[in-house]
């Protein structure tokens, strides 16, 4: 999918329009490899393609996630990268996050939003979340925080819908 000729037009358009923004991206459906490829395409278009790309499978290790989110919340400004080094954090299988981890991630996102207008250095440039299915169903069932869903659903890439209709992106 990193080959432009193989990307559906809808995805190319989303990346062209939103690739250099710091807006969160929600990648739905598809395979883990497909979601990873989309995340890497957005990372490459960020303007900082040499920066770190960090992928975390949210279903794998709750302790690692807790440590990661707490580290991102820390006020250790001296350890934060410069804006030129802003990295992409790709959280796949985000629907597997426990309620506690969801709340921590929401705090991280809120802190990043506070830092951006003030010009402070940010610990990550962009957050990309991946999910097997439509995350709205998890919200409706009470298993995923609506506030977190709203925070990560800024740019939406539905691989199922793109695969079915190559020239249309999900709304």
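Observations
- 23, 46 arranged by Cβ crowding within 10 Å, fewest neighbours leading: 23, 46
- Segment 26-74: proportion of alpha-carbon pairs further apart than 18 angstrom, %: 47 percent
- Order by protection proxy (mean Cβ within 10 Å, highest first), peptides 36-43, 136-143, 102-109: 36-43, 102-109, 136-143
- Extending 7 Å from Cα along the Cβ direction at residue 60 and again at residue 103 yields two label points whose distance is 2.6 nm.
Bear in mind that the values in this text are calculations on the coordinates, not laboratory data. Nothing here was measured: the structure is a model prediction, and the numbers come from that model. When we count neighbours, we look across all protein chains shown, and the Cβ atoms used for this are built from the backbone with ideal geometry, even at glycine.
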